[in-house]
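Reviewing the structure listed below.
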Amino acid sequence: MGGKWGYMGLRGTWVCISEHGFQGCSIRDGQQLGMACATSACCLSGGGDCERRTIAAEGGGGPSQCSKCDANEAVTGSSCLQCFRSALYAKFRQAVTSHATILPTDNLLLAFSGGSASRVALQFVHEMQQKAQRNSDASRDRSYPVFGLGVAFVDESAAFPIPSTQIDQAIQDMSSILSNLASPVKNLHVIPIENICHSKSMDGRNRLRELLHNITDITGKEDFIRHLRLLCLQKTASENGYNKLILGSCASTISRLVIAATVKGQGYSLPADIQYVDARWEIPVMLPLRDCLGQELSMLCLLDSLKTLDVFNGGSSGVNGLVSSFITLLREENPARECTIVRTAEKLIPFHFNKLLETDDSDDFMTSRWHRKRMNLRPGESIASEILCVICSSPLNKSEVETLRHKVHCCTSMSERCELTCCRSCQFQILPKEPSSVEQFYSLLPQCIITQMKNHSYGDLDLLREQIEDCLLSDCDDDS
């Protein structure tokens, strides 16, 4: 049986995993330097069980000790497998404890696509849940709470030409993955993306396809499907009692988002999408893997034998596809470029909803309260309000808000209101250009978007606050 090859770390080491164990190798001056497997002449002979690849990489020949623990053999360039995994888990744990991503009283919904990022997120959260369960069992009265965890998979076959048999097999594999995890039990929610358009499957499928047909821009269509996916997750979390939504977005994904948003003219709203916490939604969204690279997560899945699925991985088109190719070239030159992009973007000032409201009951169980002091809002703390795009929920910039305030009362139809309450990026990429097509597009929008459009005051409250600002008490006056 052939082995599997994968890249380990940033120093040019590749490993082959076979039934005989690990085969680490480096390439120097065009010659392969190898470390024999546990059996005789498995890889060095060229005709053994392990598959071989010749990949130019930096590094020396022969095995070396781990530079961190100095006890085990290095298989990740300079780290052993245990240290490599511990370093990844430490990044995840730091994000969780510093930003109160997971509290003992939470009920979490994890978005699972089957890829390496969401698979590692599931594994790490599961390990945290297991530890919490052991602590609860060890306590005398077993009063220590254990957070709940559910898994959600969004079936996008209505938007992409994917055979139903492939979807059925993917759902079966996901059920198998969850059943192989130790208790507590985790429920799997399969969400057809067309359900956001209509409760009946066939009507929703036809409605979704007609809606996507009205979007002529390829990039706009991809972005709109991504937003519908998040709406589906929000709806499922709200209906099933979950209070937080965990996404597997990693540094590689966010680096592509940063460049793509810059190209699309979404620089003002960019800080909202790259933070650890995004509480603009009814169910706050968490990104605990934001500091982990996609290559690291893929390698961890390979080494830990974590089963991954390739369901909706047809690649991106338009601007998103070009940006992905650009990031790939940067990564080939220097694998640290993705982290550099993320660290540069995080210097932008986040929005008020990129913090969680701190509650009294969370302090009873969290020992890292000092970590969250600067990141979370205390009850009663005043925050500014933001007006969001009705399509993508991005914050509108100042000029867009001013235009909205002056023209929203002059709208004669909801289609005009729809166009006016969208950000410029959505106006350019998603909304049809013809007025008659905009009317049809509006009639096909999911009910949750239409309801948001009708119920939102669009700055009327802010305008009223500005008019009576002199009569309002400041925070200092209120305290005195």
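The values are calculated or read from the model by the stated rules, or taken from the named source; none is laboratory data. Here the structure is a predicted model, which is why all the values come from computation and not from measurement. We place every Cβ from the backbone using ideal geometry, glycine too, and count neighbours over all the protein chains shown.
Observations on the structure shown:
- Lone unmet requirement of (1) surrounded by 23 or more Cβ atoms within 10 Å (Cβ to Cβ); (2) at pLDDT below 95; (3) not in a helix (DSSP H, G or I) for THR216: (1)
- Test: residue in segment 254-268 that is crowded, with 19+ Cβ neighbours inside 10 Å, assigned to a helix (DSSP H, G or I), in contact (Cβ under 8 Å) with a residue 60 or more places away in the chain and small (Gly, Ala, Ser): yes
- Segment 131-156, residues that are over 14 Å from LEU309 (Cβ atoms), crowded, with 18+ Cβ neighbours inside 10 Å and touching a helix residue (DSSP H, G or I) at 6+ places or on another chain (Cβ under 7 Å): VAL146, PHE147, LEU149, ALA152
- Applying the criterion of being in contact with a strand residue (DSSP E or B) (Cβ under 9 Å, 6 or more places away or on another chain) and charged (D, E, K, R) to the residues of segment 219-253, the residue that is surrounded by the most Cβ atoms within 10 Å (Cβ to Cβ) is LYS244.
- Criterion: touching a Pro at 6+ places or on another chain (Cβ under 7 Å) and closer than 26 Å to VAL190 by Cα - qualifying residue of VAL277, VAL311: VAL277
- Output for segment 113-130, where each listed residue is hydrophobic (A, V, I, L, M, F, W, C) and within 15 Å of SER305 (Cβ to Cβ): VAL120, LEU122
- Residues in segment 419-449 that are assigned to a loop (DSSP other than H, G, I, E, B) and more than 25 Å from the chain's Cα centre (by Cα) were compared, and the one that is farthest from LEU230 (Cα to Cα) is GLU434.
- Only one of LEU297, LEU293, LEU329, LEU303 that is within 30 Å of ALA74 (Cβ to Cβ), modelled with pLDDT under 90 and not assigned by TED's automatic domain parsing to the domain that holds SER425: LEU303
- Screening the candidates SER393, SER415 for the property of being outside the structural domain of LEU231 (by TED's automatic domain parsing), small (Gly, Ala, Ser) and in contact with a Phe, Trp or Tyr (Cβ under 7 Å, 6 or more places away or on another chain) yields one hit, SER415.
- The lone exception for ARG280 - which of (1) of a type outside the set (A, V, I, L, M, F, W, C); (2) free of Cβ contacts under 8 Å to residues at least 12 places away in the same chain; (3) within 27 Å of THR101 (Cα to Cα) it fails: (2)
- Selection from segment 290-310 of residues that are in a loop (DSSP other than H, G, I, E, B), in contact with a Ser or Thr (Cβ under 7 Å, 6 or more places away or on another chain) and among the aliphatic types (A, V, I, L, M): LEU293
- Matching residues, segment 228-243, being under 23 Å from GLY294 (Cα atoms) and in contact with an Asp or Glu (Cβ under 9 Å, 6 or more places away or on another chain): ARG229
A quick yes/no check of all residues on (1) charged (D, E, K, R); (2) without any contact (Cβ under 8 Å) to a residue 60 or more places away in the chain; (3) touching an Asp or Glu at 6+ places or on another chain (Cβ under 7 Å):
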| residue | (1), (2), (3) |
| --- | --- |
| PHE124 | no, no, no |
| GLN130 | no, yes, no |
| TYR144 | no, no, no |
| LEU149 | no, yes, no |
| VAL154 | no, no, no |
| ALA158 | no, yes, yes |
| PRO163 | no, yes, no |
| ASP168 | yes, yes, no |
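- Being of a type in the set (Val, Ile, Thr) and buried (at least 22 other Cβ atoms within 10 Å of the Cβ) is a property that holds for VAL285.
- Scanning segment 234-243 finds one or more residues that are touching a Lys or Arg at 6+ places or on another chain (Cβ under 9 Å) and either touching a residue at least 40 places away in the same chain (Cβ under 8 Å) or part of a helix (DSSP H, G or I) (or both).
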